[in-house]
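Q: Starting off with a structure, shown below.
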Amino acid sequence: MSAIFQIAGIGIIIAMIHSVLKQMGKEDMAHWVTVIGFVVVLFMVVRLLSELFQEIKTIFLFQ
Amino acid sequence: MIKLLGVVLILFAGTMLGFQQAAKYAERPRQLRQLAHALQRLETEIGYGHTPLPEALKRTAAASPEPISSMLLSAASGVEREEGLGFQESWKQAVLRHWSETSMRGSEQAALLRLGSTLGISDKEDQMKHLRLALLQLKAEEDAARDDQGRYEKMWKSLGILIAVLIVILMV
């Protein structure tokens, strides 16, 4: 459960940084921040998915 | 418990970093104005007081606030020392040595160094003209700095806190 909250928190903070940077006229930097945040979240999701996969494998395939 | 302490420390550090950056942007126009005042005073000393240059620098330094006054003082003392540097060399050394104490940037430094190569080598009309030129450049820089301040001061204040929170969330 905590991973979901972590991802949600990252999303909120990245959105705030994006809006702050955009307001100050640094749109290119704002987009980079968004992209980097997306990549970080993606890595976290991939790790979670691989854990899930491993678990499924141990439950159904190798009993 | 120790985790909470770390969180607090990171938040504090990020906030302070943001505020420090913001303070730099707030300080620059103020120092530029002070420098312009100092140059104006120097112009008066040279043009109407006919004061010798080291003396004029010292009087100007006495009337200026801190980072600028020490710069002018060391420029004056460089000329008066035993081995006696030329004014241009002394001025250059003083500007370079004290520059890191100010919040100003390279363009002001270039204007000041150019001014240093013309002061004290010609008649007073010429010197006043060069001082006025430097004043104009500083005025333009001050306008640009004020623009930057309005734009970036707030940004850095919120950005510091936000980045600290992001680091905390990533690490917890």
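Q: Within segment B:140-162, track down each residue that is more than 10 Å from chain A (Cβ to nearest Cβ), surrounded by fewer than 17 Cβ atoms within 10 Å (Cβ to Cβ) and not small (Gly, Ala, Ser).
A: B:ASP143, B:ARG146, B:ASP147, B:ASP148, listed by residue number.
Q: Would you check if A:SER2 is surrounded by fewer than 10 Cβ atoms within 10 Å (Cβ to Cβ) and either touching a residue at least 24 places away in the same chain (Cβ under 8 Å) or not aromatic (Phe, Trp, Tyr) (or both)?
A: Judged against the criteria, A:SER2 is a match.
Q: Sticking with this one: Exactly one condition in (1) touching an Asp or Glu at 6+ places or on another chain (Cβ under 6 Å); (2) closer than 30 Å to B:TYR48 by Cα is false for B:MET104; which is it?
A: Failed condition: (1).
Q: Next up: So B:SER122 passes all but one of these: (1) under 18 Å from the mean Cα position of the chain (by Cα); (2) loosely packed, with under 14 Cβ neighbours inside 10 Å. Which condition number does it fail?
A: Failing condition for B:SER122: (1).
Q: Could you list, in sequence order, the residues of segment A:53-63 that are part of a helix (DSSP H, G or I) and loosely packed, with under 10 Cβ neighbours inside 10 Å? Please lay out each step first, then the result.
A: From segment A:53-63, those part of a helix (DSSP H, G or I) are A:53-61; that's our starting set.
Passing the criteria: A:ILE59, A:PHE60, A:LEU61.
Q: Restricting to segment B:163-172, count the residues that are touching a residue at least 24 places away in the same chain (Cβ under 8 Å), assigned to a helix (DSSP H, G or I) and within 8 Å of another protein chain (Cβ to nearest Cβ).
A: 2
No value in this document is a laboratory result; all are computed from the given coordinates. Owing to the predicted nature of the structure, the values given are computational and were not obtained by experimental measurement. Every residue, glycine as well, gets a Cβ built from its backbone with ideal geometry; the counts of neighbours run over all protein chains shown.
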